[in-house]
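Data block below; observations after.
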Amino acid sequence: MGNAWFSRFAGGWFRRAHQTVCDKVLTAIRTPRATKMRVVTIDENGQATNEHWVAIPKTDSFGSDAFSHIEPYVSRLLQSSASFCSVLIATPNQHVAVSLWKRGDVPEFTLLVDWRSAPELERAVRHFFSERKLAPSHDYLGGNGNVSDAIRCLGFFLPSDGQFITALTKDVLCRIYQLGERDALNFSFEEHGGGPTPGGRN
């Protein structure tokens, strides 16, 4: 890659009723040599409460037949003993990116949508998960660059069923984003807290 490229990923989580809602917004500026990204924690009033650098997770790239690698990453996610872990799945050009993550024992699926320029995509995503009776875990607007509400962040609770999550992920990539099973994909697996995933890298 000769040019610098930019990847933005927003994630959020909700505490129990009457407790603070916190959103973790990660903005990564990656060049071929970049190894760090800035993590900013934002409170329910939109005020930054903490900023720090973290290592960018290693990316595994599969140039073809990438769908066959989804199931092993889902298994790693579900088997992880870490308090938080995630799998970011993206096309090499970063035009498509979805995230599977687990906090405690609860897996979720997260997508980011530019709701102004792609309202039909937001409708398709909502219909897709509603049709499968998967409850939303979060639904809020996040910033991108200088636009504070540019991105719609949508999350949905998932059952702890590896076959179901694998099939769902493939369906999202095929039906929502029109990808083919033999298209190239990049996978980034990350853990925080707890031990390593069985069979995974430390």
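The values are calculated or read from the model by the stated rules, or taken from the named source; none is laboratory data. Keep in mind the model is a prediction, meaning the values are calculated, not measured. With ideal geometry, Cβ positions are generated from the backbone for all residues, glycine too; neighbour counts draw on all protein chains shown.
Listed here are the residues, each with its yes/no results for (1) of a type in the set (Phe, Trp, Tyr); (2) surrounded by 18 or more Cβ atoms within 10 Å (Cβ to Cβ); (3) at pLDDT 95 or above.
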{"site": "Pro107", "(1), (2), (3)": "no, yes, yes"}
{"site": "Glu122", "(1), (2), (3)": "no, no, yes"}
{"site": "Gly145", "(1), (2), (3)": "no, no, no"}
{"site": "Leu158", "(1), (2), (3)": "no, yes, yes"}
{"site": "Thr169", "(1), (2), (3)": "no, yes, yes"}
{"site": "Ser188", "(1), (2), (3)": "no, yes, no"}
{"site": "Gly199", "(1), (2), (3)": "no, no, no"}
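May I ask you to list pairs of residues, at least six apart or on different chains, whose Cβ atoms are under 8 Å apart, with the first in region 150-167 being closer than 10 Å to Pro107 by Cβ and among the small types (Gly, Ala, Ser) and the second being assigned to a strand (DSSP E or B) and at pLDDT 95 or above?
Pairs found: Ser160/Pro107.
Anything in region 131-143 that is loosely packed, with under 14 Cβ neighbours inside 10 Å and of a type outside the set (A, V, I, L, M, F, W, C)? List them, or say none.
Answer for region 131-143, where residues must be loosely packed, with under 14 Cβ neighbours inside 10 Å and of a type outside the set (A, V, I, L, M, F, W, C): Glu131, Arg132, Lys133, Pro136, Asp139.
Where in region 104-202 are the strands (runs of 3 or more DSSP E), entirely inside, with at least 2 residues that are closer than 20 Å to Val74 by Cβ and in contact with a Leu (Cβ under 9 Å, 6 or more places away or on another chain)? Step through it out loud before you land on a result.
Numbers: elements: 106-113, 136-144, 147-157, 185-192.
Ranges flagged: 106-113, 147-157, 185-192.
As an exercise: evaluate Phe128 against (1) crowded, with 18+ Cβ neighbours inside 10 Å; (2) in contact with a helix residue (DSSP H, G or I) (Cβ under 7 Å, 6 or more places away or on another chain) and give the number of the one condition it does not meet.
(1)
Go over the candidates Glu131, Glu71, Glu108 one by one and state the one that is free of Cβ contacts under 8 Å to residues at least 24 places away in the same chain and among the charged types (D, E, K, R). Write out each step before concluding.
Values: Glu71 fails: free of Cβ contacts under 8 Å to residues at least 24 places away in the same chain; Glu108 fails: free of Cβ contacts under 8 Å to residues at least 24 places away in the same chain.
Checking each option against the conditions leaves just Glu131.
In region 78-99, which residues are surrounded by fewer than 18 Cβ atoms within 10 Å (Cβ to Cβ), among the small types (Gly, Ala, Ser) and either within 25 Å of Glu181 (Cα to Cα) or free of Cβ contacts under 8 Å to residues at least 12 places away in the same chain (or both)?
Correct list: empty.
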